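These notes are about the structure you will find just below.
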Amino acid sequence: MTSLSDQAMTRIAGLDDVLAGGFERGRVFLLEGTPGTGKTTVALQFLLAGAAAEERCLYITLSETTDELHATARAHGWSLDGVEVYELVPPESLLDDDQQQSLLYSSDLELGETTRRIFEAYERVKPDRVVIDSLSEIRLLAQSSLRYRRQILAMKHYFARQRATVLMLDDLTSDTNDKTVHSVAHGVVRLEEMTPEYGAARRRMRVVKYRGRRYRGGYHDFAILTGGIRVFPRLVSAEHKGEVSRAIVSTGSREFDGLLGGGIDRGSGVLLLGPAGSGKTIIALSIVAQAVARGERAAMFVFDEEIGLMIARARTLGIDLQAMIDAGALLLEQVDAAELTPGEFSDRVRESVQTLKAQTVVVDSLNGYRAAMPGEEALVLHIHELLQYLNRQGATTFLTVAQHGLVGDMNTPVDVTYLADTVILLRYFEAMGRVRRAVSVLKKRMGAHENTIREYQIGSRGVTFGDPLDRFQGVLRGIPTPVGDQVLMDPAKA
């Protein structure tokens, strides 16, 4: 088992978690990705983490100038004090061989001369951590795959004897199919950038290989922020098991609790399904208000509505969201699906549970969440892991989904009903010359529930629920047929 002292930690948020501790000391690693994916930023953070631990660090650059590296550091608010930058220059430059920094032009230096200067730089500094940027220049000098492989092997064996931890960068501009270094390196990390048709570029990373290490596989979203890289490790719900109380909590409405068989099961996932304007968000807000009134904390992530408008609308219903926020009982966050990756969103939800200790979490709506997903299959997997994680933390999750259509047959943009523990269906129906609303519970995994359909109204008092509509046939179709005398709710009392 590799101890923590044997790890050259990057101190990059999330990356050491993905690497199961960091880079193993005394090994050669490859960091590859097309230009703009963040390789230089990762490399600088790797060296700065070493400098902070009083390790000697060396950045050997064959592509960027020293000024460019310092400019990159300044953009993040860093100083490269403690990091030696070695830049290879052509012999005809004004700088002589005794100076510490030089720039390589491939046409001016032979491959052997380049390698010799790299080794000389190492012998002079004797660093614990080394970055070589980039292998594309060495590949161009080698001119053949065999020569290139031999040169990389020579460098690997040299650094291995020195017990140096080496990070080689490759910008994949020469030959993206050349996997020479993959077999030579102890580990390979790949950075990728995707540009959607609309919205900001999205970046993700994965560990291609890491010998003798059980790393976190798959793709992990990451972002380049002011201050450095932040990686959002893929959420694996199975890693977060624990004992959770499954008590039933009240929604705040006697009729709604009756419909749900007593209330909502703590630590369950609830899906609010219905057409636009049917009151999904308002019902979720009422449940949040009830949770805060019990002394709990809640988190609400809003994709569709502007936060200020939601606060004002809730106030007209007697729900003071701003007071909850000011008291630290509610986290209300606007989510821009065009700017936020799914991994970052999962990280925010996870942080709300771990830091805020939120026991009620609302995602409004799944339609907006879907816009951040590359496809429906990925959406279902993300929601499955998120729901499982929240359930295992004892947090009750409410997801709203807007259906297409208003009455009659309606379509759901993505079928996730089988993932939820409880499914609440909201519908419009026409009766007595008015458009009315009806609610029913289609599914509840834990315990019994009413199989009736109840009318409900939204007014200045919030959401009020009526008696079961047991004298109508066809409420869910939108235009019911009366089969007896039915007492409907009075709109004037809403």
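At a glance:
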quantity: All positions within the stretch 309-321 that are exposed (fewer than 15 other Cβ atoms within 10 Å of the Cβ) and under 27 Å from the mean Cα position of the chain (by Cα); calculated: LEU309
quantity: Count of the stretch 468-494 residues which are in contact (Cβ under 8 Å) with a residue 60 or more places away in the chain and either outside any loop (DSSP other than H, G, I, E, B) or buried (at least 18 other Cβ atoms within 10 Å of the Cβ) (or both); calculated: 2
quantity: Those residues of the stretch 467-487 which are within 17 Å of LEU259 (Cα to Cα) and either among the aliphatic types (A, V, I, L, M) or modelled with pLDDT of 90 or more (or both), in sequence order; calculated: LEU469, VAL475, LEU476
quantity: Residue match in the stretch 220-238 (condition: among the polar types (S, T, N, Q) and within 23 Å of THR422 (Cα to Cα)); calculated: yes
quantity: Residue, surrounded by the most Cβ atoms within 10 Å (Cβ to Cβ), within the stretch 33-69, restricted to residues that are free of Cβ contacts under 8 Å to residues at least 12 places away in the same chain and either in a helix (DSSP H, G or I) or outside the structural domain of ILE229 (by TED's automatic domain parsing) (or both); calculated: GLU68
quantity: Sole exception among (1) surrounded by fewer than 20 Cβ atoms within 10 Å (Cβ to Cβ); (2) more than 30 Å from LEU19 (Cα to Cα); (3) out of contact with any Leu (no Cβ under 8 Å at 6 or more places or on another chain); (4) of a type in the set (A, V, I, L, M) for ALA276, by number; calculated: (3)
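The values are calculated or read from the model by the stated rules, or taken from the named source; none is laboratory data. The model shown is predicted, which means the values in this text are computed figures rather than measured ones. All Cβ positions, even for glycine, are placed from backbone atoms using ideal geometry, and neighbour counts span all protein chains on display.
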